[in-house]
């Protein structure tokens with residue numbers, strides 16, 4: 001199987017002198033973190049719609065949306081928590097969907 005990325009690459013390797021390689025890498029890392037967080041939060045919103053539409057549990061869906069927004073903010077403000085906070089809410093919403 002072919003390797004998709006080169007893990008031995010130094011962060012500043014391959015950038016021209018006009019580019020700020022360190023800032024570019026920090027921006028890319030921030031983009032990945034933001035994309036991961038927002039994807040999980042949007043997944044929570046989809047689960048909230050499923051709870052309301054399929055199971056008629058609209059109140060639980062609304063609580064899940066609010067909880068996912070709070071968890072996403074916590075994940076964004078505390079990098080060590082990161083994607084785990086909204087993932088917990090997503091997991092709880094899946095459990096609520098199965099049990100409702």
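Values quoted throughout were computed directly from the atomic coordinates according to the rules given, and no laboratory measurement underlies them. If you're wondering where the values come from, they're calculated on a predicted model, not measured in any experiment.
A few points about this structure:
- Axis angle, to the nearest 10 degrees, between helix 21-55 and the longest C-alpha principal axis of the chain: 10 degrees.
- The stretch 42-99: C-alpha pair distances exceeding 13 Å, %: 52
- Alpha carbon convex hull of the chain, projected area averaged over orientations, nm²: 9.2
- Helix 58-77 and the long axis of the chain differ in direction by around 20°, with both axes built from C-alpha atoms.
- Only Cα pairs under 8 Å and 6+ residues apart enter the sum, and on that basis the relative contact order of the chain stands at 26 percent.
- Helix 84-99 axis, angle to the chain major axis (alpha carbon atoms, nearest 10°): 30
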